[in-house]
Amino acid sequence: MSRESILKSIQQNKPALVELPKIDVQLFFEDIDLLDTFKGNVQLVGGKLIELNNVENLDAEIQKLYPNANKIVAQLSESNLGNITISKETKPHSLENIDLAIIKGEIGIAENGSVWISENQFPVRVLPFITNDLVLVLSKDSLCLNMHKAFEIIANRERSFGLFLSGPSKTADIEQCLVVGAQGAMSLTVIIVN
C-alpha cells in the first residue's frame, strides 16, 4: 500500500469530532476548607506549612526555621533577611551557593498543595531551583480550589516565565530510592500570612 492510499483511507474513515463534555469542577469538591486542604497537600508532597497572623513576624519565623542560612536572597519587601541582591543581570552561576531564597507566591492551589510563582517575583529563573532551601510566602486570600481555577486566574497574565511548585525537589528513579534535593531545593516551606 502506498503512503497516499493509507492517508486517503484514514481521511475517509475518520470519525466525526465530538465536543468535549462540560465539567462542573465544583461538583467534585464539596464544601472543603481551602486552608486545611492546602496545608494537608503541602505536607503530603514533603513541604512544610506555617501560618502567621501578621507579616511582622515573618523574619523571626524564617530565622527560627533556618538559623544557619548565611547567603539569603529575599524577593519580597516584607522581609529584611536578604543579604544578596539579584537583578535580571545577575549571572545564574553566581547563585550556586545560596542557602535560602524567600519568594512571594501568587496563588496556592488547595487540590495539590502547589504554589504558582512567576519571574515577576524572582528575576533570575534558576533561583527557586539552585537555592538549598526555599520559602514561599503566600497570602491566605490567594488560595484557590483547584488547577482549573488557577488556570483561569493566570490566563490573563502577561505571558512570562512562571511555574507551579509543589514540595521540595525529589526523584525516585535512581535504583528505587527516594532522593530529595536532586534537582532543586532540599526543603520547601510555605508561609501563609492571614
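Tabulated data
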read-out	value
Cα-based reach from K140 at 25 Å (exclusive), listing lysines while leaving out same-chain residues under 8 positions away	K39, K48, K64, K104, K149
R0 of 45 Å, Cβ-Cβ distance V45-S9: FRET efficiency to nearest 0.05	0.45
Cα-Cα pairs of the stretch 46-124 separated by more than 15 Å (percent)	63
Prolate/oblate/rounded label for the stretch 80-187 (Cα gyration tensor, a/c 1.5)	oblate
The chain: angle of helix 34-44 to the longest principal axis, Cα-based, in degrees nearest 10	90
Two-decimal Rg/Rh across the stretch 126-190, once Rg and the Kirkwood Rh are taken from alpha-carbon atoms	1.04
In range of the label at K64: residues from the stretch 115-159 whose backbone nitrogen is under 20 Å from the point 7 Å along Cα→Cβ	133-140
Prolate/oblate/rounded call for the stretch 1-94, Cα gyration tensor, a/c under 1.5 rounded	oblate
For the chain, calculated [θ]222 nm from helices alone, where every DSSP H run of n ≥ 4 adds -39500 (n - 2.57)	-5500 deg cm²/dmol
Paired Rg and Dmax values of the chain, which use every Cα atom, in angstrom	21.2, 74
Spin-label zone in the stretch 132-156 - amide nitrogen under 20 Å from a point set 7 Å from the Cα of I32 along the C-beta vector	138-154
Å² per residue, accessible surface of the stretch 45-194 at 1.4 Å	52
Positive-pole candidate from Q43, V73, A16, dipole of the stretch 1-89, charges at beta carbon	A16
Accessible carbon and sulfur surface of the chain relative to its total accessible area, %, 1.4 Å	51
Computed over the chain: relative contact order in percent, which uses C-alpha pairs under 8 Å that are six or more apart	25
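The values are calculated or read from the model by the stated rules, or taken from the named source; none is laboratory data. None of the values given here were measured: they were computed from a predicted structure. Cβ sites come from the backbone with ideal geometry, for glycine too, and all protein chains shown count toward neighbours. These accessible areas exclude ligands, DNA and RNA; they are computed on the full protein's heavy atoms, side chains included. Shrake-Rupley method; radii C 1.70, N 1.55, O 1.52, S 1.80 Å.
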